[in-house]
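Okay, structure first, notes after.
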Amino acid sequence: MPSIAKPHIPLAPVRRNDLGLSPRDYEGSMSTLCAGCGHDSVTAALVQALFELSIPPYKVAKLSGIGCSSKTPTYFLGNSHGFNSVHGRMPSVLTGANLANRDLIYLGVSGDGDSASIGLGQFAHCLRRGVNMVYVVENNGVYGLTKGQFSATADRGSKSKRGFINTDNSIDLVAMALQLGASFVARSFSGDKHQLVPIIKAAIAHRGAAFIDVISPCVAFNNHVGSTKSFDFVREHNEAVNRLDFISSRMPIEVKYEPGTVEVVEQHDGSKLALRKFAADYDIQDRTAALGFLQHHAAKGQIVTGLLYVEAESEDLHAHLRTVQTPLNALGEKDLCPGQATLDKFNAGLR
Ligand SMILES: Cc1ncc(C[n+]2csc(CCOP(=O)(O)OP(=O)(O)O)c2C)c(N)n1
Ligand code: SF4
Ligand SMILES: [Mg+2]
């Protein structure tokens, strides 16, 4: 719990969204993370995206595991549903909650240790099942909370603060998400709000498993020379594939860009993703090409960011399982107990 409450005095004219709410209504408790931690910038980007989309806070369920990153749901949407689970177990708790009530927006917040080390199996199954969610990994390449040990996303050859060289190969969660069938895959940088906020908005509008890997430097244990997850390294090696504008179905469609290739992708809900492509031949709807592009640039030491893949007509786990529309807690006795005759017929069909 934070020891200092945030003051309630507005310091500037208060902005309001379509619901009449202010950005403050999308905040949570005061952050207790280290000053300058990348994770706080991800929190700020989430607050901005949710405010600008005018999402009622009570419509969101935020779930996390354990780690500095997993603490961050406390720092936004104080009036939403939240569950801080066990280390690496957020995906299965989120899957269960989602199956019980499809009417909420599910936001999973995790760390690279939480998702790529102890929780790798959970990460994989949640994505391959197509759970309708936004899954954000705040990726700093270390276990920040337990004082900076290398995580499984630390690049081979990178140096720890104490001078150790990582000799293990790294796991690229974006490459895994593509291979596992996630229908929305993006990577961004906590220090690039202009890229990250529209990506979060688009991921919320997307139906299916949306995965965002956010490189989020740990200023306490992984921000030195020799780290490949430091602010300086990411700024110098960031290869942005596109710049995204998210246009919700309620907004007039005006795509104004300076000359360059622009691709407009319509999602199932009518929202549009307008992508200014920096790599003119990059096709965001080609999963195989995205994997090749990623690996080609990784071999050159570059970190590819932007929206890397989207399946516009995607389906989610509820569609696969053909579940009922009504949340389970709203089903009545009549729905839950179909009567002896129906039960006898069903049992007869199994004999
Ligand atoms: C089952 C279990 N194993 C180990 C731990 C100790 N532990 C707590 S947080 C953490 C790593 C967190 O790393 P990451 O998910 O990358 O989050 P960060 O702190 O870097 O944001 C570990 C190993 C734990 N809490 N529970
Ligand atoms: S230890 Fe690292 S990850 Fe944790 S709050 Fe501090 S800077 Fe952030
Ligand atoms: Mg970490």
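The values are calculated or read from the model by the stated rules, or taken from the named source; none is laboratory data. Here the structure is a predicted model, which means the values were calculated and not measured. Using ideal geometry, Cβ is built from the backbone for each residue, glycine included, and neighbour counts are taken over all protein chains shown. Just so you know, the surface numbers come from the protein's heavy atoms only, side chains and all, with ligands and any DNA or RNA stripped out. Shrake-Rupley method; radii C 1.70, N 1.55, O 1.52, S 1.80 Å.
Just the number, please: Stokes-Einstein D of segment 245-351 in µm²/s, Kirkwood Rh from C-alpha pairs, 37 °C, 0.692 mPa s.
My calculation gives 177 µm²/s for D.
Specify whether the C-alpha gyration tensor of segment 1-117 places it in the rounded, prolate or oblate class, a ≥ b ≥ c being the square roots of the eigenvalues: rounded for a/c under 1.5, otherwise prolate if a/b is larger than b/c and oblate if not.
oblate
Helix 340-350 versus the longest principal axis of the chain: what angle, 0 to 90°, nearest 10, using Cα atoms?
60
Leaving out ligands, DNA and RNA, and with a 1.4 Å probe, what % of the accessible surface on the chain is carbon or sulfur?
Here carbon and sulfur together make up 54 percent of the probe-accessible area.
In what order, largest first, do L294, L343, L336 sit by accessible area if the probe radius is 1.4 Å?
Largest accessible area first, the list is L336, L343, L294.
Please give the per residue accessible area of segment 187-298, computed with a probe of 1.4 Å over protein heavy atoms only, in Å².
44
Provide T72, T342 ordered by accessible surface of protein heavy atoms (probe 1.4 Å), highest first.
So the residues, ranked largest to smallest area, are T342, T72.
How do E313, E266 stack up against each other in accessible area, from largest to smallest, with a 1.4 angstrom probe?
Ranking E313, E266 by accessible area, largest first, yields E313, E266.
Report the accessible area of K277, computed with a 1.4 Å probe over the heavy atoms of all protein chains in place, in Å² rounded to the nearest 10.
Roll a 1.4 Å probe over it and K277 shows about 30 Å².
How compact and how long is the chain, expressed as Rg and Dmax of its alpha-carbon atoms in Å?
Taking only Cα atoms of the chain, I get Rg and Dmax of 21.0, 72 Å.
Compute, for E263, the solvent-accessible surface of its heavy atoms (probe 1.4 Å) with the complete set of protein chains present, and express it in square angstrom to the nearest 10.
The value for E263 is about 40 Å².
Can you give me the angle between helix 287-299 and the longest principal axis of the chain, using Cα atoms only, in degrees from 0 to 90, rounded to the nearest 10?
Value to nearest ten degrees: 20.
Quick one: net charge of L321's neighbours, Cβ under 15 Å, K/R +1, D/E -1?
My count for the surroundings of L321 gives +3.
At what distance in angstrom do the alpha carbon centres of segment 293-330 and segment 179-203 lie from each other?
After rounding, the separation between the Cα centres reads 10 Å.
At 7 Å along Cα-to-Cβ for each site, give me the label-to-label distance between R16 and R128 in nm.
5.0
Once amide H atoms are placed 1.01 Å from N in the peptide plane, what residues at a sequence separation of 5 or more from V60, or on another chain, have their amide H within under 5 Å of its amide H?
Here the answer is H81, I105, since their amide H atoms fall under 5 Å of that of V60.
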